[in-house]
Amino acid sequence: MDRQGARILLVDDEESIQHTLTTVLPPAGYTVYQVRNGKDALQKVQSIRPDLILLDLGLPDMDGKDVIRLLRERAIAPIIVISVRDDETEKVTALDTGAHDYLTKPFTLPELLARMRATLRSVSATQDDVFTVGNLRVDLRRREVLAGEIAVKLTATEYDLLKVLIHHAGSVRTHHELIHELWGRTQYQDPVHLLRVTMSHLRRKLQPDPMKPRYIVTEPGVGYRLRTESSGYPGKARQRA
Amino acid sequence: MDDSSAQKETEQSLRSLLRLSDKLNSASDLDSLLDSLVEQLLELTGAESGCAGLRTSQGMSGGHFFLGPKVVPLTYHCAPGVGWAGWLLQHGTHYLTNDAARDAVIVPEVRERLGVKSGLAVPIVDSEKDVIAFFEIYNKRAGDGFTGADLDHCLAAAQIASLAIHSRLLNRNLSALAAFSQSLTVTADFDQILYVVGSRIERSFKRRSVILLPVNGELVPRSLGAEFIFSESELAVATWSWKHGQAAGYSTEILPDAQAQYLPLKARGEVIGVFGVEATPGAWLSNVQRQLFRAFINQSALAIERGFLEQKVRRLRFLEESDKVQNAVLSAISHDVRAPLAAITVSLSGLMTSNGTLDQAAQRQLLETADIEARRLHRLVNNLLSMTRLETGVSAVKTEPHDLLELVSAALEELGAAASQRQVSFDIPADLPLVPMDFGLITHVFINLFSNAFKFSPPGQPVEIRGRIIDDQLEVLVADRGVGVPLEDLSRIFDKFYRVAELGPSHGLGLGLAICKAFIEAHNGRISLENNPMGGTIVRFVIPFHPAAIARVGNSQS
């Protein structure tokens, strides 16, 4: 990454979004290139070689899913879908087609920045040994999970699940992806259900207080996301309010 | 026999026939008329016993067998072609035998009970040669059996009886029709009208029937008291009758192979539906019966038409009502959308035009206001959207097994500061299974319930939430120690745009609980609200779920 920071290709035909993001992203250290339709996006992606693509699904010239597929053929840059469509099948299709994450409009700037950071980090392949969010601290090298001062005892499956989520911290992982990473080609009859139950146990162990914000959130019909301090977990910043 | 005795006998017969005519005309009802007929016939012919009966919708039916002056209680139902009476119905002419012992047509029970050796059966026909009744006489006391003269006398008697019986049958039709009309007039409900028509016709004509009415340009059978065999091909025949305004099906010229006959229901010259009546092969209706049947059908058509009109009136009234509701929606929404929009606009424009006159804390304040109001607006739009989608059937409930606790947490997170300053106590068992529900919808229910609880109870008072599995149902209670709901408002508290007047005009859209109700009912659940004996309110909702789902969770738990 050079001094200008990561290159972002913004594909959205909505004036207000274009305007806002080209205003707020450069101060956060990003260089923004913008196009308004799928055809231009496919051209531009070759010439500017972006590090990340922000893609609206409702483009005037092409279907969003086709854009994702064609972009994935041309560039290795990860794609975050930003869309007003809040339909779960739409999300799953976008993720299955190759999008890295999905953000529903309206979203806040901190949310967007967090997702962008999470996505860029997960493709850069350098991982910290220690993950922290809120009161939770996971030391991957020592297989140690602490909730505040207290050591949390996880089963092997629960720990593996947490590890996978930490590797993709901040981004959504679909049921399908999680099942594949946990059990490979599973013979379990209902692996999604097994995943849900394991997840519910893990979540209660990590955050037993329902009054506190969740570390792991359910994306209904899609999968799960491990929040990071910056990806929507309120942490200390919001508690001041 | 000499001339004078022959003449004497003829005179005697004539006198007997005149007496018969008198007796029949003075009979008060059909039953006594038939009794007199048999009595007179026994006297006229010198027969030992006899009986008389009427044509029914199923064949012939007689009662009151006379053995001399004694009455033998024997009811006598003959399908067409069965027994002497059935034979008469089928052939339309008399039956005479003087060797009943070897007769194959007679009903054996009648032969044995009455010891029949000889017999004469005669149909009574109306002016159109349609059989309307019959009589039978058995065992001539003198001689070797019934003679040609007996037959002549009986035929003459049948002629005389015909008029008397026919006029009484018409009378009976009139009173049946009057009763039918009466029962339809007092019937208000549309489905009730259909039921009355069906059951009356079945009782009067011993035939199952069906009423078909057009729905969106297609004929649809409306089920009546009796189940009716109904197939695609029958529907085609009925549809033909409907489109052409003519009878079709069994025993008509159009598609006679059908299992039923279909008659157009006409009201004010228009075909409003079709009446189907099941065929009973061999048992056709007499002219008199057919007249009554047609009159019944016409009456039914008028009653059904009246039912239609009443339904239309009701629908118009309903539309008027929903117009009112829509106006309420518009005014409520415009208020609740404008209020946050105003706050956002004022805050942002204030920031833009301040030119450095505002200190940092004031700027921050304005921005936070804009942010909070924008989020509120977003929630409102989501609520309205989900509700509209459910109501219009655009989207269905998407259930997945979820952890109740996570939905509660998600709702509290959404409420942010409003929740974190409150004391919420949880009573949810650690082993509560995952329950299939729509994450977004039920989270909204909790947001609305908590938001009410926080709004209407003092900050120091706790809010309690309890979750349980009872009888394959998830039961959730949200209790607060707030102001409670006045008794007069309890019944309408879940209505759209209903607000508790006591609380003043501007505390919300009046949609929160209506949305909760819609979302819970979309899960086939129920929601109720009662006042908490300790002060405040308790909202209780249940969501049913399949017991197999519990078992599965139980198995996979380590």
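Residue count for the range A:185-198 under the criterion of being more than 8 Å from chain B (Cβ to nearest Cβ) and either not in a loop (DSSP other than H, G, I, E, B) or not polar (S, T, N, Q) (or both): the result is 6. Number of residues in the range B:57-83 that are touching a Leu at 6+ places or on another chain (Cβ under 9 Å) and not in a loop (DSSP other than H, G, I, E, B): the value is 10. Checking B:LEU88 against (1) in a helix (DSSP H, G or I); (2) of a type in the set (A, V, I, L, M); (3) over 22 Å from B:THR147 (Cβ atoms), which single condition isn't satisfied? Checking B:LEU88 against (1) in a helix (DSSP H, G or I); (2) of a type in the set (A, V, I, L, M); (3) over 22 Å from B:THR147 (Cβ atoms), the one that fails is (3). Within this structure, B:LEU366 fails the test of being outside any helix (DSSP H, G or I), in contact with a Leu (Cβ under 7 Å, 6 or more places away or on another chain) and either crowded, with 16+ Cβ neighbours inside 10 Å or facing chain A (nearest Cβ under 10 Å) (or both). If you go through the range B:427-439 and keep only what is more than 9 Å from every other protein chain (Cβ to nearest Cβ) and surrounded by 23 or more Cβ atoms within 10 Å (Cβ to Cβ), you end up with B:VAL435, B:MET437. Considering only residues that are crowded, with 18+ Cβ neighbours inside 10 Å and at the interface with another protein chain (Cβ under 7 Å from one of its Cβ atoms), look in the range B:389-401 and name the one that is modelled with the highest pLDDT. The extreme case among them is B:PRO401.
For B:ALA411, the stated conditions hold: it is farther than 22 Å from B:VAL485 by Cα, assigned by TED's automatic domain parsing to the domain that holds B:PRO544 and not acidic (Asp, Glu). Of all residues in the range A:30-44, exactly one satisfies the criterion of being touching an Asp or Glu at 6+ places or on another chain (Cβ under 6 Å), surrounded by 18 or more Cβ atoms within 10 Å (Cβ to Cβ) and not small (Gly, Ala, Ser), namely A:ARG36. Scoring A:LEU154 on the criteria (1) assigned by TED's automatic domain parsing to the domain that holds A:GLU181; (2) over 23 Å from A:LEU182 (Cβ atoms) leaves a single failure, condition (2).
Among the residues that make up the range A:1-17, is at least one of them buried (at least 18 other Cβ atoms within 10 Å of the Cβ), β-branched (Val, Ile, Thr) and more than 15 Å from A:GLY98 (Cβ to Cβ)? Taking every residue of the range A:1-17 in turn, at least one turns out to be buried (at least 18 other Cβ atoms within 10 Å of the Cβ), β-branched (Val, Ile, Thr) and more than 15 Å from A:GLY98 (Cβ to Cβ).
Against the criterion of being within 11 Å of chain B (Cβ to nearest Cβ), buried (at least 17 other Cβ atoms within 10 Å of the Cβ) and in contact with a strand residue (DSSP E or B) (Cβ under 6 Å, 6 or more places away or on another chain), A:ARG203 qualifies.
Can you tell me which residues in the range A:40-55 are part of a helix (DSSP H, G or I) and touching a Lys or Arg at 6+ places or on another chain (Cβ under 7 Å)? Once the filter is applied, which keeps residues that are part of a helix (DSSP H, G or I) and touching a Lys or Arg at 6+ places or on another chain (Cβ under 7 Å), the range A:40-55 yields A:LEU42, A:VAL45, A:GLN46, A:ILE48.
Residues checked against (1) hydroxyl-bearing (Ser, Thr, Tyr); (2) in a helix (DSSP H, G or I):
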| residue | (1), (2) |
| --- | --- |
| B:LYS8 | no, yes |
| B:SER13 | yes, yes |
| B:GLN40 | no, yes |
| B:GLU48 | no, no |
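Here B:ARG481 qualifies as in the same structural domain as B:GLY512 (by TED's automatic domain parsing), in contact with a Gly (Cβ under 8 Å, 6 or more places away or on another chain), assigned to a loop (DSSP other than H, G, I, E, B) and on the phi < 0 side of the Ramachandran plot. Of all residue pairs spaced 6 or more apart or on separate chains, those with beta-carbon atoms under 7 Å, a first member in the range A:220-241 that is within 19 Å of B:GLN421 (Cβ to Cβ) and in a loop (DSSP other than H, G, I, E, B) and a second member that is at pLDDT 70 or above and not polar (S, T, N, Q) are A:PRO234/A:PRO213; A:ALA241/B:ALA417. Across the range B:92-101, the qualifying residues are those that are outside any loop (DSSP other than H, G, I, E, B) and modelled with pLDDT of 90 or more, and the one among them that is farthest from B:LYS129 (Cα to Cα) is B:THR97.
Evaluate the following for B:ILE442: is it more than 11 Å from chain A (Cβ to nearest Cβ) and β-branched (Val, Ile, Thr)? If you could, list the steps in order and put the result at the bottom.
Details: more than 11 Å from chain A (Cβ to nearest Cβ): no; β-branched (Val, Ile, Thr): yes.
Criteria not met by B:ILE442.
Select, from B:LEU404, B:LEU384, the only residue that is touching a residue at least 40 places away in the same chain (Cβ under 8 Å), away from chain A (no Cβ under 12 Å) and within 46 Å of the chain's Cα centre (by Cα).
On the way: B:LEU404 fails: away from chain A (no Cβ under 12 Å).
Going through B:LEU404, B:LEU384 in turn, just one is touching a residue at least 40 places away in the same chain (Cβ under 8 Å), away from chain A (no Cβ under 12 Å) and within 46 Å of the chain's Cα centre (by Cα): B:LEU384.
Residues in the range B:143-185 that are of a type in the set (Phe, Trp, Tyr) and not in a helix (DSSP H, G or I): B:PHE146 alone. Can you tell me which residue among B:SER457, B:SER451 is part of a loop (DSSP other than H, G, I, E, B), more than 10 Å from every other protein chain (Cβ to nearest Cβ) and buried (at least 18 other Cβ atoms within 10 Å of the Cβ)? The unique qualifying residue is B:SER457. For the range B:1-32, the set of residues classified as surrounded by fewer than 14 Cβ atoms within 10 Å (Cβ to Cβ) and among the hydrophobic types (A, V, I, L, M, F, W, C) consists of B:MET1, B:ALA6, B:LEU14, B:LEU18, listed by residue number. Among residues belonging to the range B:417-426 that are without any contact (Cβ under 8 Å) to a residue 40 or more places away in the chain and more than 9 Å from every other protein chain (Cβ to nearest Cβ), point out the one that is farthest from A:GLU219 (Cα to Cα). The qualifying residue farthest from A:GLU219 (Cα to Cα) is B:GLN421. Selection of the range A:155-174 for residues being without any contact (Cβ under 8 Å) to a residue 60 or more places away in the chain and surrounded by fewer than 20 Cβ atoms within 10 Å (Cβ to Cβ) yields A:THR155, A:ALA156, A:THR157, A:TYR159, A:ASP160, A:LYS163, A:VAL164, A:HIS167.
Please work out if B:GLU414 is closer than 19 Å to B:PHE519 by Cα, within 12 Å of chain A (Cβ to nearest Cβ) and surrounded by fewer than 22 Cβ atoms within 10 Å (Cβ to Cβ). Yes; evaluated as a whole, the condition is true for this residue. Would you be able to tell me the number of residues in the range A:131-144 that are exposed (fewer than 13 other Cβ atoms within 10 Å of the Cβ) and out of contact with any helix residue (DSSP H, G or I) (no Cβ under 9 Å at 6 or more places or on another chain)? Total satisfying the criteria: 3. The set of residues in the range B:438-450 that are over 9 Å from B:GLY512 (Cα atoms) and among the polar types (S, T, N, Q) contains only B:THR443. When the range A:13-31 is filtered for residues that are out of contact with any strand residue (DSSP E or B) (no Cβ under 7 Å at 6 or more places or on another chain) and within 19 Å of A:GLN43 (Cα to Cα), only A:ASP13 remains.
The values are calculated or read from the model by the stated rules, or taken from the named source; none is laboratory data. Keep in mind it's a predicted model, so treat the numbers as computed, not measured. So basically every Cβ, Gly included, is an ideal-geometry build from the backbone, and we count neighbours across all protein chains shown.
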